[in-house]
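Encoded as C-alpha cells, the structure appears first; notes follow it.
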Amino acid sequence: MFIISLTYIKSLEAVDAVLEEHVAYLKEQYALGHFLASGRKVPRTGVVILARGASCEEIEAIVTLDPFYRHGVAEYEITEFSPTMTVDALVFLRE
C-alpha cells in the first residue's frame, strides 16, 4: 500500500490548466485498480492518493503518467506502508 502525496510547485492557475487531464488520469488508474482513494489537501496545496501496487518502482512508473507530473506542476512523495489495522469495511486493505 502506498500514499502518494503531491505538493503543487506552480500556481493554481497552472494546476487548473491541466486539471481535466489529471482527472482523466485518476479515472484510468482507478479503473486499473491502482488507486483506492484520492482528494485535495486542505488548504489546496496538493493532492493525496491512496494506491496499491506490487512495488515502489511500479508506483513511481504510474506517477510519471500523471499530467501534473508531466507538466511539472507538482512534486511527489511516495510512502509505502503495511496496513495492519482497519475498520471492518476496509479489512481488504490489511496485509
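Taken together, the values in this text are just the output of simple stated rules run on the coordinates, not laboratory data. These numbers were taken from a predicted model, which means no experiment stands behind them. We place every Cβ from the backbone using ideal geometry, glycine too, and count neighbours over all the protein chains shown.
Some notes on this structure:
- Stokes-Einstein diffusion for region 28-81 at 37 °C, viscosity 0.692 mPa s, with a Kirkwood radius from C-alpha pairs, works out to 277 µm²/s.
- For region 54-95, the Cα gyration tensor yields ellipsoid semi-axes of 28, 11, 9 Å (square root of five times each eigenvalue, largest first, whole Å).
- Rounded to the nearest 20 debye, the dipole magnitude of the chain is 260 debye, with +1 charges on Lys and Arg beta carbons, -1 on Asp and Glu beta carbons, and the Cα centre as origin.
- The phi-based Karplus calculation (6.51 cos²θ - 1.76 cosθ + 1.60; θ = phi - 60°) puts the 3J(HN,Hα) values of region 79-86 at 10, 8, 8, 10, x, 10, 9, 8 Hz, whole numbers, x for Gly and Pro.
- In the chain, excluding the sites themselves, the longest stretch lacking any of the trypsin sites (Lys or Arg not before Pro) that are in a DSSP loop with at most 12 other Cβ atoms within 10 Å is 45-93.
- Under 5 Å between amide hydrogens, built in the peptide plane, is the criterion, and for residue 46 it picks out 8, 41 among residues at least 5 positions away or on other chains.
- Once both labels are positioned 7 Å from their Cα atoms along Cα-to-Cβ, the gap between residue 38 and residue 16 label points is 2.0 nm.
- Karplus (6.51, -1.76, 1.60) ³J(HN,Hα), θ = phi - 60°, over region 56-63, in Hz, Gly and Pro reported as x: 4, 4, 5, 5, 4, 5, 5, 4
- Dividing the summed -39500 (n - 2.57) terms of all DSSP H runs of n ≥ 4 by the residue count of the chain sets its mean residue ellipticity at 222 nm at -8500 deg cm²/dmol.
- Those chymotrypsin sites (Phe, Trp or Tyr not before Pro) in the chain that DSSP places in a loop and that have at most 10 other beta carbons within 10 Å: 81
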